[in-house]
Amino acid sequence: MDLQFTDVIAVFDIGKSWKRFRLFDRSLNPVLTEEKIIAETKDDNGVPCEDIQAINTWMGACLRNVAAASLYNIRALNLAAGDDCLAKLETALMQCLETGIAGSALFSGKGINSTAASLIPYLKNSDKPFILISTGTWCTFMNPFDTEAMPGEQAVSGVAGTAGEVAGGACSAGELTALITVGGRQIKSSHFLLGEIHDRNVTMLDDHFGVTGELYKTIKIKHKKILKMQASRRGRVFFRHGIPEGHADTSADLSHFLTYADAYHQMMYDLVDECLTAYREIIAEGDTTEIAYITGGFAHNDTFVRILAARAEDKRVYASTIDYATALGAAMEVYQQAFDAGLPPVYLGLKAILLRDE
């Protein structure tokens, strides 16, 4: 009996910590995911950077596993990564493919910036103007519908390279404003070092309350609680003077918090307040966008999405329940090349964030 192969697009999604390999079928549904944490190394100057050799070895292993399984026929490949390592990974993947490991699969030799890739599914599937909030290590705000020029801005193919220049110190969201390019279209973006700052302060709270594991992932927040924090006149408890060196705000007075949840709620409220500086950078005067989409890791954080929705009260906020928007965008970018057909509708798993308690 002849084996029936499923035609797929293969995408390598290279994040700061997690490296993911995904296969998408003709309907752009993910049919296989492999993931691995590959730690950063240091360059000749002692600056942290991606371990290109280790990633290359892993990419080759992923492709060999697909070939050995005899279940999938890779029609095309794409690569999504930050600008600081994209060119090196493009070269590494080309060298890997020259061994014939992926058969006749097509790869143009050019990947796509991860931030730009995360925007593609929304540009292709939303019929109304929107703001996209892509979250993870960085919280990147993108406004595809603002044509105003920003003073002193510089067009770049993505924002990850800019981010790398400030990752080690205090964050100034205004310094991180740039244009990204998606399909020849320049889009205003600004971003904030959300993930690392969040994690450093969660560790501080864990230590203070004697908590282990990832308790914060189970915490939810009532809208009534958000309104109470908005009405408070005491101001911030965390980040009163901005984000400190080292990111953990050890000067915050934790003594009046009775529970871990109370402290986490306040920390997230104050952290979102910092994020809003970057958000305002991409909101034009007379902005008419009514929708904001949240994608990435923090789209699953109830406290983050509900506080952000309350603060951006002029927007209808939706959080995506899928965790592969970046890889999906990269797959959509090569879909025509792979299947010589128009794009099918895609599932984004959007959930409305309501400004009331459910």
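Quote the relative contact order of the chain in percent (integer), defining contacts as alpha-carbon pairs under 8 Å separated by 6+ residues. For the chain, the relative contact order is 20 percent. Here the dipole of the chain is about 980 debye; that uses its Cα centre as origin and unit charges on the Cβ of Lys and Arg (positive) and Asp and Glu (negative).
Placing +1 on each Lys and Arg Cβ and -1 on each Asp and Glu Cβ, with no other charges, gives the range 6-112 a dipole about its Cα centre of roughly 340 debye. Using only alpha-carbon positions in the range 6-112, the gyration tensor eigenvalues give semi-axes of 24, 14, 12 Å once each is multiplied by 5 and square-rooted (largest first).
Straight-line cross-link reach from Lys42 at under 23 Å between alpha-carbon atoms covers these lysines, not counting any fewer than eight positions away in the same chain: Lys16, Lys19, Lys88. Taking each DSSP H run with n ≥ 4 as -39500 (n - 2.57) and averaging over every residue of the chain yields -10000 deg cm²/dmol at 222 nm.
With all pairs of different C-alpha atoms in the average, the Kirkwood value for the hydrodynamic radius of the chain is 21.5 Å.
Cα centroid distance between the range 1-60 and the range 253-306, in Å? Result: 30 Å between the Cα centres.
Where does helix 52-69 land angle-wise versus the long Cα axis of the chain, in degrees 0 to 90, nearest 10? Once rounded, the angle reads 60 degrees. Ranking Ala68, Phe107, Thr218 by Cα position along the charge dipole of the chain, where only Lys, Arg, Asp and Glu carry charges on their C-beta atoms, puts Thr218 farthest toward the positive end. For the chain, a Gaussian network of Cα nodes joined below 10 Å ranks Thr259, Thr326, Thr57 by mean-square fluctuation, and the top entry is Thr259.
No lab work stands behind these numbers, since they all come straight from the coordinates. All values reported here derive from a predicted model rather than from experimental measurement. Positions of Cβ are generated from backbone atoms using ideal geometry, with glycine treated the same way; all protein chains shown enter the neighbour counts.
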